[in-house]
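Structure, as structure tokens:
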Amino acid sequence: MVGEDTRMYGNRMKSKHKQNLIDMKKFIDRNGRHDESQITSIKKTKYDEEVLLCRPEKDDDLAIIRLILGNKDPSNHIRLIIWDDVMDIADIQILKEEYLSRGYGTLLMKEAIDLARRRGIKKIIGNLYTIDEENDKRQQNFYKKFGFTIDEGKLILEL
């Protein structure tokens, strides 16, 4: 009986979270964000958590892909600079400590790689910025799982 109550409560919470994401998606689709049009989609993390991804529709030389959680916090993002057939990862931010290792960065990177492929980009580059040894290892493992090579803090992914 207690297990059933917990499952029902958990399902209601998941349902409410999903409804929040759907409402945010509708709002953004209807109103846009600033001067850039957005394409929004609801994606699932490796923990089956649903989040909202917003990416630019236009093919500009600056692209910011935002990941929004149920609390409407748009500060999780990846900022990309694009020129010719190269994409530069200018910044990737998952700002809250409790958001690390939840799959948010993976969703952002997958979306960035997908965007690069759709635009015919041949190479993604970037730099590692680390604050300590643990952070350095986490970043290196993160980029390596996508196939990046790392040489003296420089990231390169040939597409």
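Number of residues in the stretch 104-159 that are modelled with pLDDT of 95 or more, in contact with a helix residue (DSSP H, G or I) (Cβ under 7 Å, 6 or more places away or on another chain) and among the β-branched types (Val, Ile, Thr): the value is 2. Within the stretch 111-159, the set of residues being charged (D, E, K, R), under 18 Å from the mean Cα position of the chain (by Cα) and not in a loop (DSSP other than H, G, I, E, B) comprises Glu111, Asp114, Arg117, Arg118, Arg138, Lys144. Taking the stretch 24-93 and the strands (runs of 3 or more DSSP E) fully enclosed by it, the elements with 2 or more residues that are farther than 26 Å from Leu155 by Cβ and modelled with pLDDT under 75 are at 38-44. List every residue pair whose Cβ atoms sit under 7 Å apart, with the two residues 6 or more apart in sequence or on different chains, where the first one lies in the stretch 130-149 and is without any contact (Cβ under 8 Å) to a residue 60 or more places away in the chain and the second, anywhere, is part of a helix (DSSP H, G or I) and surrounded by 11 or more Cβ atoms within 10 Å (Cβ to Cβ). Close Cβ pairs satisfying both conditions: Thr130/Asp136; Thr130/Gln139; Phe142/Gly105; Phe146/Met109; Phe146/Ile113.
Look at the stretch 87-112: where a residue is within 18 Å of Asp60 (Cβ to Cβ) and a partner is assigned to a helix (DSSP H, G or I) and not polar (S, T, N, Q), sitting 6+ places away or on another chain with Cβ atoms under 8 Å, you get Met87/Ala112; Met87/Leu115; Met87/Ala116; Ile89/Ala112.
The values are calculated or read from the model by the stated rules, or taken from the named source; none is laboratory data. In this text the structure is predicted, and so the values were computed from the model without any measurement. All Cβ positions, even for glycine, are placed from backbone atoms using ideal geometry, and neighbour counts span all protein chains on display.
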